[in-house]
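> What follows is a structure written as structure tokens; I'll ask about it next.
The values are calculated or read from the model by the stated rules, or taken from the named source; none is laboratory data. Remember, predicted model here, so these are calculated numbers, not experimental data. As a convention, Cβ positions derive from the backbone with ideal geometry for all residues, glycine included, and neighbour counts pool all protein chains shown.
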Amino acid sequence: MSFKPLTRRDWFADLAGGLGGVALASMLPREAGAAPVGTHFEPKAKRVLQIFCPGAASHIDLWDYKPELQKRSGEEPPASAQMVTFQGKNGALMGSPWAFKPRGSSGKPITELLPHLGGWADEIAFVHSMTSKTNTHGPGCVFMNTGFTLEGFPSAGAWVSYALGSANDNLPTYVAIPDVRGEPPAGPANWGAGFLPAEHQAIVFNAQTPIRNLERPASISGAEEDATRDFLGFLNQKHAAEHPGDTELQARIAAYALAGRMQLSAPEAADLSRESKATRDLYGADDTNPLKAAYARNCLLARRLLERGVRFVNLFCASRASGVDGLLNWDAHKTLQADYERHCPVLDQPTAALLQDLKTLGLLEDTLVVWATEFGRMPTHQQGTVGRDHNPNAFTVWFAGAGVKGGVSYGATDEFGGKSVENVATPYDFHATMLHLLGIDHERLTWYHNGINRRLTDVHGHVIREILS
């Protein structure tokens with residue numbers, strides 16, 4: 001075997017290529033992985049939009065109407081209810097401060113706080129019997145997004161990226177859109193790739209903050225950048241010709257090429273100025289409430305990404321907890337009414353407009369939309385407050401869009417909404433159903449890690465077929 005001597009010119013060329021690689025790799029994942037796994041059967045959905053409300057949005061104040069709770073509000077909870085609190089002692093039973101109104105032909109009762117989303121009752125499948133393993137926000141959010149309470153596991157979006165790959169060679173496969181108020185509890189653990197190849201983690205940006213490191217530095221001209229790319233391309237092609245079996249190099253070249261294409265395509269996808277005034281008004285993108293307007297613009301961004309082939313979008317409405325409970329997210333320990341009358345208008349119109357826009361464009365036919373939070377809240381007031389404590393034993397999630405039977409409710413909580421008692425569901429079932437609609441058998445989607453074939457659903461989960469069309 002002979003070796004070509006390394007000249008000074010070669011050394012500088014390799015150095016230039018390496019530095020260029022570092023710069024480009026900072027924009028996109030470091031390594032491209034194997035080919036997508038593909039589907040196991042015919043899918044109903046091609047893409048997923050997950051809307052997540054951090055802070056444990058109260059099921060009994062939004063989606064899960066409990067007449068008995070309203071009737072007995074102010075009474076002490078019966079001992080048989082076995083209500084266990086998290087942060088403080090139980091007070092009396094506390095009915096919702098808001099009326100529930102039957103909506104649609106299904107007559108589904110939904111809080112008056114969500115008049116726009118209530119109009120979608122006939123196209124939503126509610127799962128009222130969701131439960132969690134934890135009553136702590138960080139682990140709860142991570143559990144709902146990764147299937148594990150510990151950090152370091154791949155998110156659902158990362159698993160979908162690994163399974164299905166990209167539907168647009170010019171945009172990321174997976175995008176997380178954090179709220180303008182900040183990241184959710186546990187932050188990047190909600191959208192990380194865990195032990196999957198790094199290319200499957202989400203690219204994070206929103207309507208207020210563009211993709212990091214995408215713009216060319218002002219000190220570098222377009223001509224210089226083009227020349228650098230051409231030079232790198234020459235070196236890579238030369239090396240590839242000398243090492244035809246080096247698939248990692250080919251994968252890296254593809255990743256760098258995608259980074260370059262994103263410089264053109266991503267700004268266009270995020271350019272909301274291209275939207276008409278009628279569309280912006282539909283979403284409330286110019287609302288006088290700055291939080292609502294910011295979330296509305298994120299909803300618009302989500303639609304633009306989905307219609308351009310982004311496979312999985314995580315859209316967050318609210319952020320992590322602050323020094324004041326319920327100020328930045330749905331964690332209403334002390335002042336339920338004031339908190340939710342602040343949060344619900346932010347969520348309602350923009351989310352309903354996003355559903356309507358997807359439907360108008362024909363995208364709802366093959367887009368799965370899911371709404372989730374990390375756990376529910378207690379049917380009592382937290383002692384000494386007019387808020388509700390954490391409740392991992394009962395909460396609601398919902399599905400809409402591709403392959404979903406609208407106007408149905410699955411599972412049920414007890415008469416007060418304190419505990420799931422009928423068709424009890426878990427995040428494993430939530431994820432199994434999501435993957436099923438994408439044409440993926442959750443038991444067959446695995447990655448070998450530390451001696452175990454890991455799954456999004458761990459060793460659990462069943463498809464909730466009752467909500468499928």
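> Mind checking whether some residue in the range 394-414 is buried (at least 22 other Cβ atoms within 10 Å of the Cβ), of a type in the set (Lys, Arg) and either more than 18 Å from the chain's Cα centre (by Cα) or in a loop (DSSP other than H, G, I, E, B) (or both)?
Checked the range 394-414: no residue is buried (at least 22 other Cβ atoms within 10 Å of the Cβ), of a type in the set (Lys, Arg) and either more than 18 Å from the chain's Cα centre (by Cα) or in a loop (DSSP other than H, G, I, E, B) (or both).
> Pro97 - would you say it is modelled with pLDDT of 95 or more, of a type outside the set (Asp, Glu) and within 28 Å of the chain's Cα centre (by Cα)? Give the derivation first.
On the way: modelled with pLDDT of 95 or more: yes; of a type outside the set (Asp, Glu): yes; within 28 Å of the chain's Cα centre (by Cα): no.
The answer is no for Pro97.
> Restricting the range 359-385 to residues that are touching a strand residue (DSSP E or B) at 6+ places or on another chain (Cβ under 6 Å) and hydrophobic (A, V, I, L, M, F, W, C), which is nearest to Ser132 (Cα to Cα)?
Residue satisfying both the conditions and the ranking: Phe375.
> Being assigned to a helix (DSSP H, G or I), among the small types (Gly, Ala, Ser), at pLDDT 80 or above and more than 29 Å from Asn314 (Cβ to Cβ) narrows it down to one residue among Ala223, Ala294, Ala240; which is it? Outline the logic, then answer.
Working: Ala294 fails: more than 29 Å from Asn314 (Cβ to Cβ); Ala240 fails: at pLDDT 80 or above.
Matching residue, one of Ala223, Ala294, Ala240: Ala223.
> Here's a follow-up. In the set Ala353, Ala338, which member is over 30 Å from Arg303 (Cβ atoms) and part of a helix (DSSP H, G or I)? Reasoning before the result, please.
Numbers: Ala353 fails: over 30 Å from Arg303 (Cβ atoms).
Going through Ala353, Ala338 in turn, just one is over 30 Å from Arg303 (Cβ atoms) and part of a helix (DSSP H, G or I): Ala338.
> Is it the case that some residue within the range 357-369 is under 17 Å from the mean Cα position of the chain (by Cα), within 14 Å of Leu114 (Cβ to Cβ) and not charged (D, E, K, R)?
The answer is no; no qualifying residue exists.
> Being among the polar types (S, T, N, Q) and exposed (fewer than 14 other Cβ atoms within 10 Å of the Cβ) is the filter here; which residues of the range 446-469 pass it?
Passing the criteria: Asn450, Asn453, Ser469.
Rundown of residues vs (1) at pLDDT 75 or above; (2) not assigned by TED's automatic domain parsing to the domain that holds His343, yes/no style:
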{"residue": "Leu232", "(1), (2)": "yes, yes"}
{"residue": "Asn236", "(1), (2)": "yes, yes"}
{"residue": "Gln250", "(1), (2)": "no, yes"}
{"residue": "Ile253", "(1), (2)": "no, yes"}
{"residue": "Ala257", "(1), (2)": "no, yes"}
{"residue": "Leu264", "(1), (2)": "no, yes"}
{"residue": "Leu282", "(1), (2)": "yes, no"}
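> Within the bounds of the range 436-448, is there any residue that is within 26 Å of Ser106 (Cα to Cα), of a type in the set (Lys, Arg) and modelled with pLDDT of 95 or more?
Step one: of the range 436-448, the residues within 26 Å of Ser106 (Cα to Cα) are 436-437.
Right, trim to of a type in the set (Lys, Arg) and you get none.
Within the range 436-448, not a single residue is within 26 Å of Ser106 (Cα to Cα), of a type in the set (Lys, Arg) and modelled with pLDDT of 95 or more.
> Across the range 77-120, what is the total count of residues that are among the polar types (S, T, N, Q), in contact with a helix residue (DSSP H, G or I) (Cβ under 9 Å, 6 or more places away or on another chain) and more than 25 Å from Ala296 (Cα to Cα)? It would help to see each step written out before you state the result.
Narrowing the range 77-120 to residues among the polar types (S, T, N, Q): 80, 82, 85, 87, 90, 96, 105-106, 111.
Subset that is in contact with a helix residue (DSSP H, G or I) (Cβ under 9 Å, 6 or more places away or on another chain): 96, 105-106, 111.
Right, trim to more than 25 Å from Ala296 (Cα to Cα) and you get 96, 105-106.
Selection size over the range 77-120: 3.
> Of all residues in the range 73-111, how many are among the hydroxyl-bearing types (Ser, Thr, Tyr) and either within 24 Å of Asp325 (Cα to Cα) or outside the structural domain of Tyr340 (by TED's automatic domain parsing) (or both)? Before you say what the answer is, go through the steps one by one.
Quick first cut of the range 73-111, residues among the hydroxyl-bearing types (Ser, Thr, Tyr) only: 73, 80, 85, 96, 105-106, 111.
Right, trim to either within 24 Å of Asp325 (Cα to Cα) or outside the structural domain of Tyr340 (by TED's automatic domain parsing) (or both) and you get 73, 85, 96, 111.
Of the residues in the range 73-111, 4 are among the hydroxyl-bearing types (Ser, Thr, Tyr) and either within 24 Å of Asp325 (Cα to Cα) or outside the structural domain of Tyr340 (by TED's automatic domain parsing) (or both).
> Give me a count of the residues in the range 280-290 that are in a helix (DSSP H, G or I) and crowded, with 19+ Cβ neighbours inside 10 Å.
If we filter the range 280-290 for residues that are in a helix (DSSP H, G or I), which is where we start, we get 280-283, 290.
Those still in the list that are crowded, with 19+ Cβ neighbours inside 10 Å too: 280, 282-283.
Total satisfying the criteria: 3.
> Looking at the range 420-445, which of its residues are in contact with a strand residue (DSSP E or B) (Cβ under 9 Å, 6 or more places away or on another chain) and either among the hydrophobic types (A, V, I, L, M, F, W, C) or surrounded by fewer than 20 Cβ atoms within 10 Å (Cβ to Cβ) (or both)?
First, the residues of the range 420-445 that are in contact with a strand residue (DSSP E or B) (Cβ under 9 Å, 6 or more places away or on another chain): 420-427, 429-430, 433-434, 436-438.
Across the range 420-445, the qualifying residues are Val421, Glu422, Asn423, Val424, Ala425, Phe430, Met434, Leu437, Leu438.
> Follow-up. Which of the residues belonging to the range 376-419 are in contact with a His (Cβ under 8 Å, 6 or more places away or on another chain) and either aromatic (Phe, Trp, Tyr) or without any contact (Cβ under 8 Å) to a residue 60 or more places away in the chain (or both)?
Across the range 376-419, the qualifying residues are Phe395, Tyr410.
> Can you tell me which residues in the range 74-85 are part of a loop (DSSP other than H, G, I, E, B) and surrounded by fewer than 16 Cβ atoms within 10 Å (Cβ to Cβ)?
The initial filter retains those residues of the range 74-85 that are part of a loop (DSSP other than H, G, I, E, B), namely 74-78, 82-85.
Gly74, Glu75, Glu76, Pro78, Gln82, Val84, listed by residue number.
> Among all residue pairs at least 6 apart or on different chains, which show Cβ distances below 8 Å where the first residue, located in the range 289-308, is farther than 15 Å from Gln356 by Cβ and the second is of a type in the set (Ser, Thr, Tyr) and modelled with pLDDT under 95?
Every condition considered, the pairs that remain are Arg308/Ser265.
> So is Pro427 in contact with a Ser or Thr (Cβ under 9 Å, 6 or more places away or on another chain) and of a type outside the set (Gly, Ala, Ser) or not?
Details: in contact with a Ser or Thr (Cβ under 9 Å, 6 or more places away or on another chain): yes; of a type outside the set (Gly, Ala, Ser): yes.
Yes: the conditions hold for Pro427.
> Report yes if some residue within the range 69-84 is under 23 Å from the mean Cα position of the chain (by Cα) and either modelled with pLDDT of 95 or more or farther than 24 Å from Thr335 by Cβ (or both); otherwise report no. I'd like the intermediate steps shown before the answer.
Quick first cut of the range 69-84, residues under 23 Å from the mean Cα position of the chain (by Cα) only: none.
Scanning the range 69-84, I find no residue that is under 23 Å from the mean Cα position of the chain (by Cα) and either modelled with pLDDT of 95 or more or farther than 24 Å from Thr335 by Cβ (or both), so the answer is no.
> For the structure I just gave you, tell me whether Glu123 is charged (D, E, K, R) and either in contact with a helix residue (DSSP H, G or I) (Cβ under 6 Å, 6 or more places away or on another chain) or crowded, with 22+ Cβ neighbours inside 10 Å (or both).
Working: charged (D, E, K, R): yes; either in contact with a helix residue (DSSP H, G or I) (Cβ under 6 Å, 6 or more places away or on another chain) or crowded, with 22+ Cβ neighbours inside 10 Å (or both): no.
No.
> Just wondering, is there one or more residues in the range 431-448 that are in the same structural domain as Ser96 (by TED's automatic domain parsing), closer than 22 Å to Thr39 by Cα, hydrophobic (A, V, I, L, M, F, W, C) and over 21 Å from the mean Cα position of the chain (by Cα)? I'd like the intermediate steps shown before the answer.
Narrowing the range 431-448 to residues in the same structural domain as Ser96 (by TED's automatic domain parsing): 431-448.
With closer than 22 Å to Thr39 by Cα added as a condition, the list becomes 431-448.
Checking which are hydrophobic (A, V, I, L, M, F, W, C) leaves us with 432, 434-435, 437-438, 440, 445, 447.
Restricting the remaining residues to those that are over 21 Å from the mean Cα position of the chain (by Cα) gives 447.
Yes, because at least one residue in the range 431-448 is in the same structural domain as Ser96 (by TED's automatic domain parsing), closer than 22 Å to Thr39 by Cα, hydrophobic (A, V, I, L, M, F, W, C) and over 21 Å from the mean Cα position of the chain (by Cα).
Yes/no per residue for (1) assigned to a strand (DSSP E or B); (2) buried (at least 24 other Cβ atoms within 10 Å of the Cβ):
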site: Ser96; (1), (2): no, yes
site: Ile110; (1), (2): yes, no
site: Leu113; (1), (2): no, no
site: Lys133; (1), (2): no, no
site: Met144; (1), (2): no, yes
site: Gly157; (1), (2): no, yes
site: Ala167; (1), (2): no, no
site: Leu196; (1), (2): no, no
